[in-house]
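Below is one structure, written out as structure tokens; the observations come after it.
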Amino acid sequence: MESMSAVLTTGETPFLGAYSMTQEKVRQEDKAPRENRMTVGVPFVDYARMTCRGVNVYYGEKHAINNVSIDVGRNEVLAMIGPSGCGKSTFLRCLNRMNDTVEGCRVEGDIQLDELNIYDKSVDVVPLRAQVGMVFQKPNPFPKSIYDNVAYGPKIHGLASSRAELDEVVESSLKKAGLWSEVSDRLDQPGTGLSGGQQQRLCIARAIAVRPEVILMDEPCSALDPIATATVEDLISELQEQYTIVIVTHNMQQAARVSQRTAYFHLGDLIEVGSTDRIFTNPRHRLTEDYITGRFG
């Protein structure tokens with residue numbers, strides 16, 4: 001096998017298996033130079049829930065995502081970091097075809113969920129977005145009761161055949177979102193009346209209620225105070241036991257706290273992927289190091 005310095009010099013993306021070589025120290029002179037825009041690190045894992053190969057995204061003539069290939073492992077939290085406008089949220093929205101709603105957006109490449117090509121013409125995006133749920137930057141509860149916010153998805157997807165089953169789904173989802181003890185006595189009250197942190201956990205409960213396989217989170221704590229943020233971060237760690245989670249965050253400390261793997265994006269390129277510990281302590285690409293150390297971004 002080639003040495004790591006040779007890999008970094010040529011810009012190749014090796015398959016090394018999940019989390020391998022995370023303890024290796026990379027000398028400063030062996031780090032990939034800033035002009036090298038090929039992915040370094042370990043973008044692929046042995047047990048992937050989602051696989052992405054050669055993904056390109058265009059907004060009209062603008063090339064927003066450049067030939068990105070990466071896996072999302074089962075029951076892991078993958079954090080995507082990078083400067084504003086680097087493409088991480090655009091790429092996240094590719095994972096459940098949310099970019100289909102953006103006029104002029106075109107996605108190329110192969111994205112699979114458990115070996116299903118989600119961009120195949122036969123794929124219905126409605127059940128896909130139940131399998132791959134999304135939690136947005138700002139809490140967006142429906143103008144309905146707390147109960148109806150959680151029950152809405154199971155109703156339209158036919159996941160409960162009786163009121164008793166629906167009650168069970170609502171209670172289970174709110175418990176998983178760490179919200180049941182706070183709202184169980186006021187389920188008929190508006191979800192919009194909750195605090196910001198509670199609203200975000202309600203949105204997480206709403207996503208969980210339709211039995212997803214993957215949960216996408218686009219800066220889910222950016223509108224929350226530190227206490228609410230800590231609560232949501234604890235929840236993410238708990239949910240990882242049952243779900244695969246991909247989170248976009250500008251908060252590097254948050255990425256370090258909640259994720260097992262981290263992907264660094266820069267101007268539409270996936271620059272580096274690796275275990276979170278290694279990315280933050282010993283990055284292999286100079287662009288990653290520049291961002292982690294605050295030289296730009």
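Going by how many other beta carbons lie within 10 Å of each one, how would you line up VAL126, VAL135, fewest first?
If I rank by nearby Cβ atoms, fewest first, I get VAL126, VAL135.
Which values, in whole Å and largest first, are the semi-axes of the equivalent ellipsoid of region 31-292 obtained as the square root of 5 times each eigenvalue of the Cα gyration tensor?
Its equivalent ellipsoid spans semi-axes of 32, 21, 16 Å.
Taking a spot 7 Å from the Cα of LEU267 along the direction of its beta carbon, which residues of region 73-93 have an amide N less than 17 Å from it?
Within reach of a label on LEU267, which here means backbone N under 17 Å from a point 7 Å along Cα→Cβ, region 73-93 contributes 82-88.
Starting at the first residue of region 51-62, write each ³J(HN,Hα) from the Karplus equation 6.51 cos²θ - 1.76 cosθ + 1.60 with θ = phi - 60°, in whole Hz, x for Gly and Pro.
Here the 3J(HN,Hα) series is 10, 10, 9, x, 7, 10, 10, 10, 10, x, 8, 7 Hz.
If the cut-off is 16 Å between C-alpha atoms, which aspartates and glutamates fall inside it for LYS155, apart from same-chain ones fewer than 8 positions away?
Cross-link targets: GLU165, ASP167, GLU168, GLU171.
Which of these, SER184, SER237, SER161, has the largest mean-square fluctuation under a Gaussian network model of the chain (Cα springs below 10 Å)?
SER161
What residues have an amide H closer than 5 Å to that of MET80, excluding those fewer than 5 places away on the same chain, when H is modeled at 1.01 Å from N in the peptide plane?
So MET80 has HN proximity to ILE247, VAL248, THR249, ALA263.
If we count other beta carbons within 10 Å of each Cβ, what is the order of GLU108, GLU115, GLU272, fewest first?
GLU115, GLU108, GLU272
List the residues whose amide H sits under 5 Å from the amide H of GLU213, counting only those 5 or more places along or on another chain, with H placed 1.01 Å from N in the peptide plane.
VAL132, GLY133
Running a GNM on the chain with Cα contacts under 10 Å, which residue among PRO190, PRO43, PRO212 ends up with the highest mean-square fluctuation?
Looking only at PRO190, PRO43, PRO212, the biggest GNM fluctuation is shown by PRO190.
Tally Lys and Arg at +1 and Asp and Glu at -1 over the other residues with C-beta under 15 Å from the C-beta of GLU61: what net charge comes out?
In short, 0.
Along region 217-227, what does the Karplus equation 6.51 cos²θ - 1.76 cosθ + 1.60 (θ = phi - 60°) give for ³J(HN,Hα), rounded to whole Hz, x for Gly and Pro?
Listing the rounded values in order: 10, 9, 6, x, 10, 5, 9, 10, 7, x, 5 Hz.
So what is the relative contact order for the chain, in percent, with contacts set as C-alpha pairs under 8 Å and at least six apart?
Here the relative contact order equals 27 percent.
Can you list the residues, at least 5 places off or on another chain, whose amide H is less than 5 Å from the amide H of ILE271, using H built in the peptide plane?
Here the answer is TYR264, PHE265, HIS266, since their amide H atoms fall under 5 Å of that of ILE271.
Exposure proxy check: TYR152, TYR291 ranked by fewest other beta carbons within 10 Å?
So the ranking, lowest neighbour count to highest, is TYR152, TYR291.
Specify the angular offset, from 0 to 90 degrees and rounded to the nearest 10, of the alpha carbon long axis of helix 146-156 from the longest principal axis of the alpha carbons in the chain.
For helix 146-156, the angle is close to 80 degrees.
Which of PRO220, PRO143, PRO154 moves the most in a Gaussian network model of the chain with Cα springs under 10 Å?
The residue that fluctuates most here is PRO143.
Readers should treat all values here as calculations from the given coordinates under stated rules, not as data from a laboratory. Just so it is clear, the structure is predicted and the values come from calculations on it, not from any experiment. Every residue, glycine among them, receives a Cβ derived from its backbone with ideal geometry; neighbour counts consider all protein chains shown.
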